[in-house]
Amino acid sequence: MGTTLLYGLSVALCLFVCSALAFDKAGRLAAVALSIIVLVKIDGGPAQAAIARFLEVGLGIVVALAVTLLVFPPRSAKLQVNAAT
């Protein structure tokens with residue numbers, strides 16, 4: 001029960017701090033990042049955990065960039081394509 005309450009307070013703190021700094025949408029991302037860090041247990045030492053987190057984040061960035069560029073291209077790119085035709 002205590003760890004559940006602490007986890008909930010941590011998520012609320014993430015949301016509150018991001019909201020106070022006017023980063024409303026970033027609060028959700030911060031809460032998800034906190035959840036991944038806290039809830040996913042990696043067996044092994046701290047070095048193995050750090051390398052695993054680094055690789056997970058790197059893969060996430062690559063996938064996010066690919067989706068952004070290929071599935072949801074920026075609006076300016078769409079305007080340039082339409083202007084060229």
Considering (1) at negative phi; (2) open to solvent by 50 Å² or more (accessible area, probe 1.4 Å); (3) over 13 Å from the mean Cα position of the chain (by Cα), say which one G45 fails and leave the rest. (2)
Right, A31: on the phi < 0 side of the Ramachandran plot and either part of a helix (DSSP H, G or I) or open to solvent by 70 Å² or more (accessible area, probe 1.4 Å) (or both) or not? yes
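The values are calculated or read from the model by the stated rules, or taken from the named source; none is laboratory data. Worth saying up front: this structure is predicted, and the values here are computed from it rather than measured. Surface areas here come from the heavy atoms of the whole protein model, side chains and all, with no ligands, DNA or RNA. Shrake-Rupley method; radii C 1.70, N 1.55, O 1.52, S 1.80 Å.
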